[in-house]
1. Return only the number of the condition from (1) of a type in the set (Lys, Arg); (2) open to solvent by 70 Å² or more (accessible area, probe 1.4 Å); (3) over 15 Å from Val54 (Cα atoms) that Arg104 does not satisfy.
2. With Lys150, Lys119, Lys94, Lys55 as the choices, which residue is within 18 Å of Tyr168 (Cα to Cα) and basic (Lys, Arg)?
3. Can you report the number of residues in the stretch 119-146 which are assigned to a strand (DSSP E or B) and exposed (fewer than 14 other Cβ atoms within 10 Å of the Cβ)?
4. Tell me which residues, restricted to the stretch 125-165, are touching a Lys or Arg at 6+ places or on another chain (Cβ under 9 Å) and among the acidic types (Asp, Glu).
5. What helices (runs of 4 or more DSSP H) lie completely within the stretch 1-118 and have 1 or more residues being at pLDDT 75 or above and of a type in the set (A, V, I, L, M, F, W, C)?
Amino acid sequence: MKKNMAFITVASVLLCACNSSPKQQTNPVEQKNKAISLTLDTVDFASDTAGAKVKVECLMLERLTTAILKSSQRYPLVVKERIAGVAQTEFVLKATYTNVNAHRWVFPSLRPSSSATVKAEILKNDQVVATISKEIGSGAAFGACDRLEKIALAGGRYISKWAAKQNYN
């Protein structure tokens, strides 16, 4: 019985040791060379898409900007904010809210939800290369601004993932 236990112990230690071999890592220099560089243009609302109260009280634009910048680090994508007076890169990412609904009622729900449509464009020399539009909704937070800010975070992740998949040749 002791021999069987010793054999099982040794076999399980060997199996665990073989499975925990380090994964092959890629060279970080190669990853940086493959990274696409984008300049993030100022995020804004399209005309008359959101009420004045939403524009003043909610931090949708700031949340969308930070979400795009942070989530782009997961992909071979270098996104930097546009700085006035500084030369921009070849590609520009522009995000705009085309529709914002702070309070909408969905049938079985007992409280309001929110939705917003965000449009993203990739521009090269002021010409649209790629565009996408996505409506995102949320009913998980109690306040309208909280829901809209959650929508902005989800929109930033979505835009970064979409921008990373585009063909920049």
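The values are calculated or read from the model by the stated rules, or taken from the named source; none is laboratory data. Nothing here was measured: the structure is a model prediction, and the numbers come from that model. Cβ coordinates were reconstructed from backbone atoms using ideal geometry, including for glycine residues, and neighbour counts include every protein chain displayed. The protein model used for the area step is the full one, side chains on, heavy atoms only, and it has no ligands, DNA or RNA in it. Shrake-Rupley method; radii C 1.70, N 1.55, O 1.52, S 1.80 Å.
1. Answer for Arg104: the failing condition is (3).
2. That would be Lys94, the only listed residue that is within 18 Å of Tyr168 (Cα to Cα) and basic (Lys, Arg).
3. Count: 6.
4. Listed by number, the list holds a single entry, Glu149.
5. 2-19, 52-57, 60-71
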